[in-house]
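Participant: Before we start, here is the structure in question, set down as structure tokens.
The values are calculated or read from the model by the stated rules, or taken from the named source; none is laboratory data. Everything numeric in this text was worked out from a predicted model, so none of it was measured. As a convention, Cβ positions derive from the backbone with ideal geometry for all residues, glycine included, and neighbour counts pool all protein chains shown.
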Amino acid sequence: MGKGNRNKNSQAANVMSGVGNKRSANKKRETPTWVGTLIVVSVLVVVVLFSVFCILNSRGVFLRKQIVAKTENFEVTVPMMSYMVYTEYQEWVNQYSSSGYMQYIKGEGGDGLSTSLPLREQIYSQKTDETTGVTTTVTWFDMFADRAATSVEQILVLCEQAYALGITLSDEEMAAIDSNIQMLELYAAYSGYTTSGYLAAMYGRGVGEKDVRMMLEMAELATKFSTLKSEELKNGATDVRVESYYQENKDKLDIYVDYISYTFTVDFKPVSSSDADATQKNEELYDQFVLDKEKMQVRVDALAACKTSEAFCDLLMRYLQEDGKTATEAFDAQSNAHKINFVKPEDEESELEKWLFGTENPVKAGSTHIIKDEGDDARQDVGDEENPAYDYSETKATYTICYVLRPVHKDDTHLQNVGHILFKTETFKDLKDTSTLSGKTKELAQSLLDKGQTISAENMAKALIELMIAEGKMTTVTDEATGKSYFRIDKDAFKAYGETYTEDSNVFYEDVARGDMVAAFEEWLYDTDRIENEVSAVAVKTTYGYHVMFYDGASEDINWQVAARDAIATADYEAWYKTVSEACKIDVNADNWAKIQ
């Protein structure tokens, strides 16, 4: 021990002696060297242990031992539940962020979600009971946690059912999970994170690859068993049960009508009062307007008197051609007048729809109905007996005639098979060059630029149709009876184009039921004029983009039967799940919810 240290020890002894130590005169023994070394080592050990604890805690080693919910054979730890909560959060944000309305979605008395603030610090809803005065506050974390808890409960119940029957995941299903994990690793690297850092940032403190994998495996097992059970119950929906369901639920299934409806319109557009001879011209226009209205009234009366649909269509065609339409234009107008399997609106109905679906006096095949709208008064008398004068205003009159082909019925059309090649609107929006594109898609886009055209999803779809024709893969056929032309292509050829260009994960969809697809897509698919191997002459526009459509024929299944069978199977599944969920004991540790960060 050096001299300096001895002096300091001596000073320390002197200080201690001034605080009631009466033995200050006695010389203290010097501290052995090994004691100081032991103290230093002890401090370092504590520091190292604390660092290790922090590292292990951040990696979820301790949290992984904390159970939020468990059953006899399965458990969900804090990191696993954290993954589920923030998966709910991210899916919610992805669904609503692009709409521009995300900030306005909130519960009563709450605030819109901010993605830059912790979920526990944001109020989703806040209600005060008027009787008790108690205020209940739900944070955005609580909202997503509640959704995650519901999902986890279902997963645990279904996993226990799978376990009881010895159902496990196949090698292929495990490989799919491996692929999901690899995608997370790629996202992490792309974002400049380690995998563990990325998972923690996305799903909360302590969430690691192991936690994600375990949760994915449980979710996949639950989905597998649920699918098997659903198929089992659907097979139990026999034809007898389906017919019985229909008889008991006609109000849900008898919601379609087939009819022809056409509206004749008469417009009145007066000339300006500043025009030369305005008064005389407007009188002549008004007189013609009156005559045209009388003419349209005669037409709809004559159509209403038709006894057959053939007579109705023939007379309508004659009127359309009298109005100057070509044979093709008249045919197209008449085709558009046909409404096959027109579905009953869920919201407010028009006058025509109220008549079609009315229950007091149900319509029959061959029933006709006229709806007349005279519009506003075209001429107002503003003079007197000695000086007659009129003011004229623009208006129109409409005369709608409806002929019922088939009264209210169930949808007995077959499910449809379809192919499509999708060009997404967002992909090609505002593109000035092809630098962001690749392969054949880039070549197709460049061909547009070479022709002086802009790159867009619509133009890409048009260019592909032209390419199919130019390469001799698509031919044209004409219906001799109607004069209508169709594009046709071999299915394998369409598949090759689809696999090259489409932005959807699937080129073909089988057994498409009514209501499965967006309206415009479905309208083309369920058009009664479709022929097998037909390609849409014009791309179909939907909210996703532009689709080059391919008609792959009808399925054996019938829409109303599928709807009934699904309803029966759903009811059976809900009853079954209620029974097994009540029998499945789930232990929940509410305190561990607070450990999710």
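Participant: Of all residues in the range 61-96, which are in contact (Cβ under 8 Å) with a residue 60 or more places away in the chain and part of a strand (DSSP E or B)?
Facilitator: Scanning the range 61-96 gives ILE67, VAL68, ALA69, LYS70, VAL76, THR77.
Yes or no, residue by residue, for (1) part of a helix (DSSP H, G or I); (2) within 20 Å of LEU431 (Cβ to Cβ):
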{"site": "GLN446", "(1), (2)": "yes, yes"}
{"site": "GLU458", "(1), (2)": "yes, yes"}
{"site": "GLU523", "(1), (2)": "yes, no"}
{"site": "ALA537", "(1), (2)": "no, no"}
{"site": "PHE550", "(1), (2)": "no, no"}
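Participant: Hey, LYS339 hits all of (1) closer than 30 Å to ARG379 by Cα; (2) touching a residue at least 24 places away in the same chain (Cβ under 8 Å); (3) surrounded by 15 or more Cβ atoms within 10 Å (Cβ to Cβ); (4) of a type in the set (D, E, K, R) but one; which does it fall short on?
Facilitator: Only one criterion in (1) closer than 30 Å to ARG379 by Cα; (2) touching a residue at least 24 places away in the same chain (Cβ under 8 Å); (3) surrounded by 15 or more Cβ atoms within 10 Å (Cβ to Cβ); (4) of a type in the set (D, E, K, R) is unmet by LYS339, namely (1).
Participant: Which residue out of GLU480, GLU510, GLU499 is without any contact (Cβ under 8 Å) to a residue 60 or more places away in the chain and more than 25 Å from ASN336 (Cβ to Cβ)?
Facilitator: Details: GLU480 fails: more than 25 Å from ASN336 (Cβ to Cβ); GLU510 fails: without any contact (Cβ under 8 Å) to a residue 60 or more places away in the chain.
Matching residue, one of GLU480, GLU510, GLU499: GLU499.
Participant: In the range 101-143, what count of residues is obtained for those that are over 21 Å from ILE596 (Cβ atoms), of a type in the set (Val, Ile, Thr) and either assigned to a loop (DSSP other than H, G, I, E, B) or in contact (Cβ under 8 Å) with a residue 40 or more places away in the chain (or both)?
Facilitator: Qualifying residue count for the region: 4.
Yes/no per residue for (1) assigned by TED's automatic domain parsing to the domain that holds ASN94; (2) aromatic (Phe, Trp, Tyr); (3) assigned to a helix (DSSP H, G or I):
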{"residue": "GLY206", "(1), (2), (3)": "yes, no, no"}
{"residue": "LYS210", "(1), (2), (3)": "yes, no, yes"}
{"residue": "MET218", "(1), (2), (3)": "yes, no, yes"}
{"residue": "ALA222", "(1), (2), (3)": "yes, no, yes"}
{"residue": "LEU228", "(1), (2), (3)": "yes, no, yes"}
{"residue": "GLU243", "(1), (2), (3)": "no, no, yes"}
{"residue": "GLN247", "(1), (2), (3)": "no, no, yes"}
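Participant: Quick one: THR502 ticks every box in (1) under 26 Å from SER485 (Cα atoms); (2) touching a helix residue (DSSP H, G or I) at 6+ places or on another chain (Cβ under 9 Å) bar one, so which box is it?
Facilitator: The number of the failed condition is (2).
Participant: Identify, please: which residue in the range 558-594 is in contact (Cβ under 8 Å) with a residue 12 or more places away in the chain and over 30 Å from ALA162 (Cα atoms) and is, among those, surrounded by the fewest Cβ atoms within 10 Å (Cβ to Cβ)?
Facilitator: Within the range 558-594, the subset in contact (Cβ under 8 Å) with a residue 12 or more places away in the chain is 558-569, 572-573, 576-577, 580-581, 584-589, 592-593.
So of that shortlist, the ones also over 30 Å from ALA162 (Cα atoms) come out as 558-560.
Numbers: ILE558: 17, ASN559: 23, TRP560: 21.
Residue satisfying both the conditions and the ranking: ILE558.
Participant: Looking at ARG205 and the list (1) more than 28 Å from LEU158 (Cα to Cα); (2) over 27 Å from the mean Cα position of the chain (by Cα), which single condition is not satisfied?
Facilitator: Failing condition for ARG205: (1).
Participant: Here's something else I'd like to know. Quickly run through the range 574-597 and pick out the residues that are within 15 Å of LEU156 (Cβ to Cβ) and acidic (Asp, Glu).
Facilitator: Of everything in the range 574-597, those that are within 15 Å of LEU156 (Cβ to Cβ) and acidic (Asp, Glu) turn out to be GLU582, ASP587.
Participant: Right, something else. Inspect all residues belonging to the range 345-357 and state whether any of them is touching a helix residue (DSSP H, G or I) at 6+ places or on another chain (Cβ under 6 Å), of a type outside the set (Asp, Glu) and not in a loop (DSSP other than H, G, I, E, B).
Facilitator: No, every residue in the range 345-357 fails to be touching a helix residue (DSSP H, G or I) at 6+ places or on another chain (Cβ under 6 Å), of a type outside the set (Asp, Glu) and not in a loop (DSSP other than H, G, I, E, B).
Participant: Would you mind telling me which numbered condition in (1) more than 34 Å from the chain's Cα centre (by Cα); (2) more than 30 Å from GLN561 (Cβ to Cβ); (3) not β-branched (Val, Ile, Thr) TYR403 fails?
Facilitator: It is condition (2) that TYR403 fails.
Participant: Restricting attention to the range 287-307, which residues are within 15 Å of ILE401 (Cβ to Cβ) and polar (S, T, N, Q)? Before you say what the answer is, go through the steps one by one.
Facilitator: Filtering the range 287-307 down to residues within 15 Å of ILE401 (Cβ to Cβ) leaves 293, 295-307.
Correct list: GLN297 only.
Participant: Being of a type outside the set (A, V, I, L, M, F, W, C) and free of Cβ contacts under 8 Å to residues at least 40 places away in the same chain is the filter; apply it to the range 195-222 and report the residue that is surrounded by the most Cβ atoms within 10 Å (Cβ to Cβ).
Facilitator: Taking the range 195-222 as the starting set, the residues that turn out to be of a type outside the set (A, V, I, L, M, F, W, C) are 195-198, 203-206, 208-211, 213, 217, 220.
Then keep just the ones that are free of Cβ contacts under 8 Å to residues at least 40 places away in the same chain; that gives 195, 197-198, 209, 213.
On the way: THR195: 17, GLY197: 13, TYR198: 20, GLU209: 15, ARG213: 17.
Only one residue fits best here, namely TYR198.
Participant: Which of the residues belonging to the range 381-398 are under 27 Å from VAL298 (Cβ atoms) and not charged (D, E, K, R)?
Facilitator: TYR390, TYR392, SER393, THR395, ALA397, THR398
Participant: Do you know which residues across the range 298-318 are assigned to a helix (DSSP H, G or I), crowded, with 16+ Cβ neighbours inside 10 Å and in contact (Cβ under 8 Å) with a residue 24 or more places away in the chain?
Facilitator: Once the filter is applied, which keeps residues that are assigned to a helix (DSSP H, G or I), crowded, with 16+ Cβ neighbours inside 10 Å and in contact (Cβ under 8 Å) with a residue 24 or more places away in the chain, the range 298-318 yields ARG299, VAL300, LEU303, SER309, PHE312, CYS313, LEU316.
Participant: Name the residues in the range 414-426 that are modelled with pLDDT of 95 or more and not in a strand (DSSP E or B), would you?
Facilitator: Initial filter on the range 414-426 (modelled with pLDDT of 95 or more): 414-425.
Within the range 414-426, THR425 is the sole residue that qualifies.
Participant: Here's something else I'd like to know. Could you list, in sequence order, the residues of the range 112-135 that are under 25 Å from VAL78 (Cα atoms) and more than 29 Å from the chain's Cα centre (by Cα)?
Facilitator: Listed by number, the list holds a single entry, GLU121.
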